[in-house]
Amino acid sequence: MGAEAEKAIAPPGEERRKGIRAAAVRADSHPAALRAARWIRSRLPGDDRFGDPLSTAGHAPVEVLGREVSALEPPRPSAAHELGLGALQMWQGLSEASGRGRGVEQVTLLFTDLVGFSSWALKAGDADAIELLRAVGAVSESAVARGGGTIVKRLGDGVMAAFVDTEAAVDAAFEARRGLDGIEVSGHRPRMRFGVHSGRPRRLGGDYFGVDVNVAARVMEAAGPGQVLVSESACQDLARTRFSLSRAKRLKASGAPADLHVVSVEPAV
């Protein structure tokens, strides 16, 4: 069938609608429209690159919706798609500004780790190892929740959690440590180490990134079994009437700042 015949049997107005759609696509992909959309995004609150897998990895509504919008990205540059992500970017930015996302505000990070778990698990077997992890997870995660913290991610035999202040993080560590006293699997009693540090990490999706995250992890790695180790700067927020602090010691660890000092913290007697 020739082109003239197809036009003859097309519904009235179909050619006009096709022309409008084609013009809309050209306008949506026009370099000037794309530049304008990206310029607008650069001036909105929040992460102007919101929409990539890293920034939408969490479980908050805006992050879930961001993944859905990103999945609908057309196979061409699109100003409308950029503006749609810009609206979600602004939602995320305003949420952080009101405290729900914390953004650049002060955050206290708690890292935990089971001492000697890997070696024990090799001998104990999978069944006992999983039983232990379940029991430990129930204790540590409930301690974080009662302290008003949030589990950022699970790290095999430990967790990374975020709190609004240092005292809440340290209290959660003490509660988790006490809870471990009641756990025994095949004669094994788990011991955990804790690291606490405060800073202003960058939040992307449901995770935190940056130097302060690395510092908190290094503090935890330097702790001994059952020890709650806190960076000296974070200790400024601890009430001396509630906590007993050791002398600050310089932490010499790969990847740690040269001036990082840590303090061992215990409940005040």
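The values are calculated or read from the model by the stated rules, or taken from the named source; none is laboratory data. Keep in mind it's a predicted model, so treat the numbers as computed, not measured. Please note: Cβ atoms are built from the backbone with ideal geometry, for glycine as well, and neighbour counts cover all protein chains shown.
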Worksheet item: Using beta carbons and a limit of 6 Å, which pairs, at least six apart or on different chains, have the first residue in segment 246-257 and closer than 14 Å to Q227 by Cβ and assigned by TED's automatic domain parsing to the domain that holds E221 and the second one part of a loop (DSSP other than H, G, I, E, B) and at pLDDT 85 or above?
Response: L251/L260
Worksheet entry | Residue check for G19: closer than 30 Å to S186 by Cα and modelled with pLDDT of 75 or more | no
Item to complete: Could you grab me the full set of residues in segment 136-157 that are of a type outside the set (V, I, T) and under 20 Å from R203 (Cα atoms)?
Response: A145, G148, G149, K153, R154, L155
Fill in: Residues of segment 215-241 that turn out to be surrounded by 23 or more Cβ atoms within 10 Å (Cβ to Cβ) and closer than 10 Å to S264 by Cα, as a count
5
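With S142, S186 as the choices, which residue is surrounded by fewer than 17 Cβ atoms within 10 Å (Cβ to Cβ), modelled with pLDDT of 90 or more and in contact with a helix residue (DSSP H, G or I) (Cβ under 7 Å, 6 or more places away or on another chain)?
The match here is S186.
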